[in-house]
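Report on the structure given below.
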């Protein structure tokens, strides 16, 4: 499909802000009609979200979730575990690291589902979506200044919370779409064994 | 549920950036353990997304979508119509305005589905989710510098694009979760008639 009537082209770029976390730019761009305008946006390294599938003692499927206070929205949010990519970090290495640091779980098998862009109007951020299964619980290693509760729920409970407005985090809502369709059999995942702990060192 | 062991409290706030679009702050906050840290975030007025349901000539249900180049991610994205709230603007007024401006459609009936938070780690943004039906097509009124294509698809096509990675916009993926569950009958919407054109002036 020809999208040339929609494309914007960079003419120049200016750094606006280099904060502790936020890194903002203002670019002057050429619009499809030849006029120019400015676009302001945040540079983000990208992130990985994990949908951890847990078989409980009765064989019932549960997912591992977190409750975390999110200062910008001034609310405790229900979320799937997620975290930013370190520079040059492999996606699966990041997924395994974040799952273990935040929840204590390691997984026997992993499957990449897809990717989402949370805020296409003003950030470069992408979030890779990975499923994990065959979970074993060990100790958590939270970052300094990181406070969060880990808990589990059934997929039906999670979907009810999405409907009722108790889950409003976009990445977690996107994960719920994936979870619903994977569990119904409509969408298939391709599972791979986790690299052994020895190989990952 | 007691969340006091998670809550962060503002100690002070500093404006970092007042751009044409981006408005950034750095707050110093008290963490649950009494230590302090900084949180940087974008102030956003909030937005409304519309899921427009269209009955085609054969009686088949289709949804109205847009293709728009999103400069921060350097891609043409498939999205549901959406737009920012004007200061003090009513949610439904904004939904009707954005639908008409971007697509030319007006709707007989509206239903609020819920809300999503696209980027809880560094923006105050929320996006209200509204469904629209009983559509009539009139002229578009795009903002200056706004370039987008309007097209329609079946819900099955949209869901396939979500699975295949052709749709990666988080608000549109969230809308797909709502659409799938509304169409299956699992999630119910409460429809209201649109205020008449006369009353809305």
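Where a number appears in this text, it was derived from the coordinates with a stated rule and is not lab data. Remember, predicted model here, so these are calculated numbers, not experimental data. Glycine gets a Cβ as well: all are built from the backbone with ideal geometry, and neighbour counts include every protein chain shown.
Would chain B count as rounded, prolate or oblate if I go by the C-alpha gyration tensor, calling it rounded below 1.5 in a/c and otherwise prolate when a/b exceeds b/c, oblate otherwise? Spell out each step's value before the answer.
Values: a/c = 1.88, a/b = 1.72, b/c = 1.09.
Verdict is prolate for chain B.
When A:1, A:49 are sorted by how many other C-beta atoms sit within 10 angstrom of their C-beta, beginning with the fewest, the order is A:1, A:49. Axis angle, to the nearest 10 degrees, between helix A:155-164 and the longest C-alpha principal axis of chain A: 40 degrees.
Under the rule a/c < 1.5 gives rounded, and otherwise a/b versus b/c splits prolate from oblate, where does the range A:44-118 land using the Cα gyration tensor?
Values: a/c = 1.97, a/b = 1.18, b/c = 1.67.
Oblate.
Calculate the all-directions average of the projected area of the range B:112-175's alpha-carbon convex hull, and give it in nm².
Working: hull surface 25.9 nm².
Result: a mean projected hull area of 6.5 nm².
Pairs of Cα atoms nearer than 8 Å and 6+ residues apart set the relative contact order; for chain A it is 20 percent. Label-point spacing for residue B:3 across the identical copies (point 7 Å from Cα in the Cβ direction), in nm and ascending order: 3.6. What separates the Cα centres of the range B:107-155 and the range A:1-53 is a distance of 21 Å. Label-point spacing at residue B:55 relative to the other copies reads 4.8 nm, in ascending order, each point sitting 7 Å out from Cα along Cα→Cβ.
How high is the relative contact order of the range B:62-112, given as a whole-number percent (alpha carbon pairs under 8 Å, six or more residues apart)?
Details: 42 pairs, mean separation 11.6, N = 51.
Relative contact order, the range B:62-112: 23 percent.
Residue by residue through A:131-142, how many Cβ atoms from other chains fall within 10 Å of the Cβ on average? Display every interim value, and only then the final one.
Numbers: counts 0, 0, 0, 0, 0, 0, 0, 0, 0, 0, 0, 0.
For peptide A:131-142, the averaged partner shielding equals 0.
Per-residue ellipticity at 222 nm, computed for the protein assembly as shown from helices alone with -39500 (n - 2.57) per DSSP H run of at least four residues, works out to -6000 deg cm²/dmol.
Residue order for B:91, A:65, fewest other beta carbons within 10 angstrom first, comes to B:91, A:65.
What number, in percent, do you get for the relative contact order of the range B:102-189 if the mean sequence gap of Cα pairs under 8 Å and at least 6 apart is divided by its residue count? Please list the in-between numbers first.
On the way: 91 pairs, mean separation 25.5, N = 88.
Relative contact order comes out at 29 percent.
Label-point spacing for residue B:146 across the identical copies (point 7 Å from Cα in the Cβ direction), in nm and ascending order: 3.9. Report, for the protein assembly as shown, the % of DSSP beta bridges that are antiparallel, rounded to 5. Rounded to the nearest five, the antiparallel share is 85 percent.
How long are the three semi-axes of the equivalent ellipsoid of the protein assembly as shown, in whole Å, if each is the root of 5 times an eigenvalue of the C-alpha gyration tensor, listed from largest down? Taking √(5λ) for each Cα gyration eigenvalue gives 34, 27, 21 Å. For residue B:67 and residue A:55, what is the calculated FRET efficiency with R₀ set at 41 Å and r taken between the beta-carbons, to the nearest 0.05? That gives a FRET efficiency of 0.45. Arranged from fewest to most other beta-carbon atoms within 10 Å of their beta carbon, A:3, B:23, A:44 become A:3, B:23, A:44. Starting from the Cα gyration tensor of the range B:57-166, take the square roots of the eigenvalues, sort them a ≥ b ≥ c, and report rounded, prolate or oblate (rounded when a/c is under 1.5, otherwise prolate if a/b is larger than b/c, else oblate). Rounded, because the longest to shortest axis ratio a/c is under 1.5. Per residue of A:52-59, other chain Cβ atoms within 10 Å of the residue Cβ number 0 on average. Taking the longest Cα principal axis of chain B as reference, the axis of helix B:170-184 is set at about 50 degrees.
Helix B:91-103 axis versus longest C-alpha principal axis of chain B: approximately 60°, rounded to the nearest ten.
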